[in-house]
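See structure below.
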Amino acid sequence: MIVFHVEQMIEDLGHVFAGSFESFEALKAECEGMTFDGALIDIDLTDGRTGPLAAEWLHRRGIPSMFLTGQADVASGYGHVSLGTLSKPVGMDKLAEALELFRRKPGPDPHD
Amino acid sequence: MSDPELDDVSALDHVLVLAPYRSDAMFLSKMLREYDLRVVVTSGINDLVACLSEAPGVLLLTHEALTPAVLDAIAAHLADQQAWSEMPIVVLLDRGSPDGRIKAALSHAWPRSRQLFYKRPITAVELVSGVQSALLARLRQRDVRDHIFREIELRRELNHRVKNILASVTSIFEMTRRGATSMDGLAEDFRGRLGALDKVHSAVFRADGEVVSIGEIVSLTFDPYRQVGFERIAAGGPTVILSREAGTTLALCLHELSTNAIKYGALSRPEGQVAFEWSVSENEPRELSMTWLESGGPPVEEPSRAGYGTRYLRSALKGMLGRAPNITFDRGGLRCEAGGLLSRVVGNP
C-alpha cells in the first residue's frame with residue numbers, strides 16, 4: 001500500500017515509476033536490465049535489515065538512493081552510500097525534492 | 001525455558017580457579033573435574049584479566065589469592081558487568097582467619113557479585129554442590145539477559161510495525177481521498193479498506209506466526225458478504241501459506257475486487273456470480289496462479305480512466321508477484337488474472 005501510494009505520487013510528479021522490490025535479494029536478482037535514475041529504500045526489507053546493503057550495492061553501480069523509512073536514526077549511519085533520508089509517511093513536497101536530487105545529481109562515482 | 005537439571009552439566013559455564021599454590025590448584029581442579037565441571041586454572045594476576053574476559057560462570061579463589069592487585073582486577077571486571085550480571089564468587093578461607101572482616105572487605109570491594117564463603121579443609125561434596133548452585137544461579141542470570149535482549153528486540157520491532165501501519169493508513173487515506181467524490185463515499189471506502197487491513201492483521205496474529213493461508217484470506221474477505229446474502233462468490237484452491245506481506249496485499253486486492261463487484265460488477269445483479277480460484281503448478285519453479293472471474297452482471301465497459309481499484313490491483317499484484325496482472329474488461333464480466341513465482345509470496349510458519 002505504501003509502495004502504491006509512493007508510485008502514484010511519483011507519477012503525479014511527472015516521473016516514471018520503474019518498479020519495486022521487497023528484498024535486497026530480489027533487487028539483485030531482478031534489476032538487471034532495468035534503467036532507473038534513483039531508488040527509495042526502506043531500512044528493513046523482507047530479507048532483514050538489508051536496506052543499507054541495497055543502498056551500498058546501488059551506490060557501487062553509480063545509482064543514487066535515498067532511504068524512505070521510519071528508522072531515520074539507523075539510516076543516518078549510512079550517509080556515505082545514500083543522498084539522505086525521507087521519513088515515512090512521506091508527503092508530496094519532500095518526495096518532489098528527493099526526485100529532483102536524483103534528476104540533478106548524477107550518480108556517485110562508482111570508483112570512489 | 002526449562003531449568004537445567006543438576007546432572008545436565010553440559011549447559012553450565014566453566015569455573016575459573018585462582019589459586020597461587022600449584023598443589024591447591026591441582027587439587028581443586030581435580031575435585032571439580034571429577035564431577036564433570038569444566039575448569040580453567042590461573043595462578044595469579046598475570047593472566048587473570050584474560051581469563052575473566054572468557055566469561056567464566058563462577059570464580060573460585062583461595063585465601064592466598066586475595067592480593068590487592070587481584071582485588072582490583074576483579075573489582076574492575078565487576079564494574080564492567082552488564083546490568084543483568086551478578087558474578088558468583090566462591091572464596092576458600094583459611095581455618096582461623098578473621099572471616100567477618102574479610103567478608104565485609106570483599107563485599108565492599110566487589111559490589112554486584114554473589115559471594116559464597118567456605119572454610120578449609122572442605123569436603124568435595126560441599127565444594128562441588130556450592131559451585132554447582134553458583135553455576136545454576138549464573139545460568140539464570142543469563143536467562144534474564146536473554147529476556148532483556150528479546151524485549152529490546154521486540155520493542156524495536158513493535159516500533160517498526162507501528163510506524164509501518166501508520167504509514168499504510170496514511171497511504172490508504174491519501175489514495176482514497178484522491179478517488180473520492182463525496183465525503184460519505186470517502187468515509188465508506190476508507191472504512192472498508194481499513195477493515196480489510198484489520199482483518200488480515202487478526203488472521204496473521206491468529207496463525208501465531210508471520211503467515212496466513214489464501215483460504216483464510218478468502219473467508220475473511222467473503223464471509224461478511226456471504227452473511228448478508230452474497231452467496232454467489234465461489235472460491236477454491238489448494239492450501240497455500242503466504243507471508244504476512246503477501247497475505248496483506250492479497251486481502252486488500254480481494255477487498256477492492258469484491259467492493260467493485262458489489263457496486264458496479266456481477267454482484268450488483270441478483271443473477272451475477274464471482275469465481276475466485278487459485279492453483280500451484282506441479283513443475284519447478286512452482287508458480288502460483290490466481291483468477292477472479294465475474295459473470296452474469298451488467299455489461300462491462302472499460303473505463304476511460306483507470307480508477308483507484310484497478311491502479312491498486314496492477315501496482316500491488318505486480319509488487320507481490322513480480323509480474324503485472326492481466327485485468328480485462330470482458331463484456332461478460334471483469335476478469336483479473338495474476339501469477340508469479342510461489343517462492344516470492346510463500347510464508348514460512
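For this structure, a couple of remarks:
- Prolate/oblate/rounded label for region B:144-217 (Cα gyration tensor, a/c 1.5): oblate
- Ellipsoid equivalent to region B:192-345 - semi-axes via the Cα gyration tensor, in Å: 24, 18, 14
- Degrees separating the helix B:214-227 axis from the principal Cα axis of chain B, which is the longest one: 50 degrees
- Cα shape, chain A, gyration tensor, a/c 1.5 rule: rounded
- Average accessible surface area per residue within the protein assembly as shown, 1.4 Å rolling probe, Å²: 52 Å²
- Largest GNM mean-square fluctuation across B:Lys119, B:Lys199, B:Lys163, computed for chain B with C-alpha springs under 10 Å, falls on B:Lys119.
- Highest GNM mean-square fluctuation among B:Glu216, B:Glu284, B:Glu271, for chain B modelled with Cα contacts below 10 Å: B:Glu284.
- Accessible area that becomes buried as B packs against A, both chains, 1.4 Å probe, Å², nearest 100: 1900 Å²
- Cα convex hull of region B:106-149 - mean projected area over all directions, nm²: 3.8 nm²
- Put a plus charge on the Cβ of each Lys and Arg, a minus charge on the Cβ of each Asp and Glu, and nothing anywhere else: the dipole of region A:38-107 about its Cα centre is then about 280 debye.
- Nearest 10 degrees, 0 to 90: helix B:124-179 Cα axis against chain B principal axis: 20 degrees
- Taking 21 Å as the straight-line reach from the Cα of B:Lys119, the lysines in range (excluding those fewer than 8 positions away in the same chain) are B:Lys30, B:Lys103.
- Lys, Arg +1 and Asp, Glu -1 on Cβ, resulting dipole of chain B about Cα centre, debye, nearest 20: 800 debye
- Entry note, region B:192-345: relative contact order of 21 percent, from Cα contacts under 8 Å with a spacing of 6+ residues.
- Measuring between their Cα centroids, region B:278-349 and region A:1-73 lie 24 Å from each other.
- The charge dipole of region B:143-300, taken about its Cα centre with unit charges on the Cβ atoms of Lys, Arg (+1), Asp and Glu (-1) only, comes to about 520 debye.
- FRET efficiency for B:Glu157 and B:Lys103, using Cβ-Cβ distance with R0 set to 45 Å, rounded to 0.05: 0.50
- Stretch gain in nm, segment B:Ala79-B:Tyr21, where the contour uses 0.36 nm per residue and the Cα spacing is subtracted: 18.1 nm
- The share of accessible area on region B:124-181 that comes from carbon and sulfur is 59 percent, using a 1.4 angstrom probe.
- GNM top mover of B:Asp189, B:Asp80, B:Asp330 - chain B, alpha-carbon springs below 10 Å: B:Asp80
- Considering only B:Leu158, B:Phe190, B:Thr123, the residue lying farthest towards the positive end of the dipole of region B:117-241 is B:Thr123, judged by Cα position with unit charges set on Cβ.
- Quotient of Cα Rg and 2.2 N^0.38 Å for chain B, N being how many residues it contains: 1.67
- FRET efficiency for B:Arg269 and B:Ser304, using Cβ-Cβ distance with R0 set to 25 Å, rounded to 0.05: 0.65
- Mean Cα-pair separation over length for chain B, i.e. relative contact order, pairs under 8 Å, 6 or more apart, %: 11 percent
- Residues losing 40 Å² or more accessible surface upon assembly, region A:1-23, compared with the chain by itself, 1.4 Å: A:Met1, A:Ile2, A:Phe4, A:His5, A:Gln8, A:Glu22
- On the principal axes of its alpha carbon atoms, the protein assembly as shown extends 104, 54, 47 Å, with the longest extent given first.
- Simple spin-label estimate for B:Arg120 and B:Arg33 in nanometres, 7 Å along Cα-Cβ: 2.0 nm
- Computed over region A:41-94, relative contact order equals 32 percent, with contacts defined as Cα pairs under 8 Å that lie 6+ residues apart.
- Look at where the Cα atoms of region B:183-202 and of region B:226-246 average out, and the two centres are 18 Å apart.
- Against chain B, whose longest principal axis comes from its Cα atoms, helix B:244-263 is set at around 20 degrees.
- Across B:His160, B:His201, the residue with the most accessible area heads the list, and the full order at a 1.4 Å probe is B:His201, B:His160.
- Summed side-chain charge close to A:Thr69 - residues other than A:Thr69 whose Cβ falls under 9 Å, Lys, Arg +1, Asp, Glu -1: 0
The values are calculated or read from the model by the stated rules, or taken from the named source; none is laboratory data. Quick caveat, the model's predicted, so the values are computed rather than measured. In this analysis, Cβ positions are derived from the backbone assuming ideal geometry, glycine residues included, and neighbour counts consider all displayed protein chains. Surface accessibility is based on the protein's heavy atoms, side chains included, excluding ligands, DNA and RNA. Shrake-Rupley method; radii C 1.70, N 1.55, O 1.52, S 1.80 Å.
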